[in-house]
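Below is one structure; the comments refer to it alone.
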Amino acid sequence: MKEMNEEHFAVLRRHMAELIAIHVDLASDELGKSALDERVMAAMGRVPRHRFVLEPLAPHAYGDMPLPIGFDKTISQPFIVALMTDLLSPQRHENVLEIGTGLGYQAAVLAELARQVWSVEIVEEFAGEAEARLRRLGYANVGIRYGDGTRGWAEHAPFDKILVTAGAERAPPALLDQLKPGGRMVLPMGPAAAQRLTVIDKTPTGGVEVRKLVPVRFSELETVR
Ligand code: SAH
């Protein structure tokens, strides 16, 4: 058999966008909407997910499911990436922080929509791999650091938006501190078995408004090792 080429991947990517749209429609009661932001869907249609998975898994990159990336971690399911991005609602002029880079897929989606993305990853190998993959694809507005993301990235704070892609019992205080007033954080929050996708809005006066949405299952945020 031949290997898949970029045209095949492009067809599968359009198919993936349709699968996401079905998934959103099915969950529309829980989500309170029947479609995601068009800008987010367009970004999902542009980012080559097959370049952010392990090479043997490239043919499976456009199924709507998480895939293993090593170290017992996964690249998130496309529907969840799209939903989290929609909830975060990154804008062209915004400075965004991501915690948990993995191989960089979500960072690439954010980079399509925001001015600048900073991403912190606790597994050094992932940080290096993600950086190389993003560079090869020409994403010039993503900076990656290896370290414990629960401390945020003070040098580049404050952030308009913060996306955490690993589960936590509560929002790490350093991240709330580094969020601008009027800013927003999206994270899987709650006990490991009962996480919910959670939106935390920081009010202009520094208070917080918390909205808990659909149940999700992310690996836990690790603390320093
Ligand atoms: N955003 C990734 C998802 C990767 S899974 C994607 O697009 O596919 C979550 C990632 O969070 C893992 O790579 C894991 O190593 C990382 N992680 C876990 N705890 C962390 C911490 N305290 N700081 C930074 N990254 C962390």
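The values are calculated or read from the model by the stated rules, or taken from the named source; none is laboratory data. Fair warning: this is a prediction, and the values are worked out from it, not measured in the lab. All Cβ positions, glycine included, derive from the backbone under ideal geometry; neighbour counts span all protein chains shown.
Determine if the range 99-109 includes at least one residue that is in a loop (DSSP other than H, G, I, E, B) and farther than 23 Å from Thr223 by Cβ. No - not one qualifying residue is present in the range 99-109.
Residue count for the range 165-178 satisfying the condition of being out of contact with any Asp or Glu (no Cβ under 8 Å at 6 or more places or on another chain) and either among the acidic types (Asp, Glu) or outside any helix (DSSP H, G or I) (or both): 6. Among residues of the range 172-201 that are touching a residue at least 40 places away in the same chain (Cβ under 8 Å), those with a beta-carbon under 6 Å from a residue that is surrounded by 20 or more Cβ atoms within 10 Å (Cβ to Cβ) and basic (Lys, Arg) at least six positions away or on a different chain give the pairs Arg184/Lys161. Under the condition of being closer than 23 Å to Pro90 by Cβ, outside any helix (DSSP H, G or I) and without any contact (Cβ under 8 Å) to a residue 24 or more places away in the chain, the residues counted in the range 1-38 number 4. Could you list, ordered by first residue, the pairs with Cβ atoms under 8 Å in which the first is in the range 58-73 and at positive phi and among the β-branched types (Val, Ile, Thr) and the second is assigned to a helix (DSSP H, G or I) and modelled with pLDDT under 95, at least 6 apart or interchain? From the range 58-73, no pairs qualify.
Only one of these is out of contact with any helix residue (DSSP H, G or I) (no Cβ under 7 Å at 6 or more places or on another chain), farther than 21 Å from Ser89 by Cβ, surrounded by fewer than 17 Cβ atoms within 10 Å (Cβ to Cβ) and modelled with pLDDT of 95 or more: Arg136, Arg211. Name it.
Answer to the check: Arg136.
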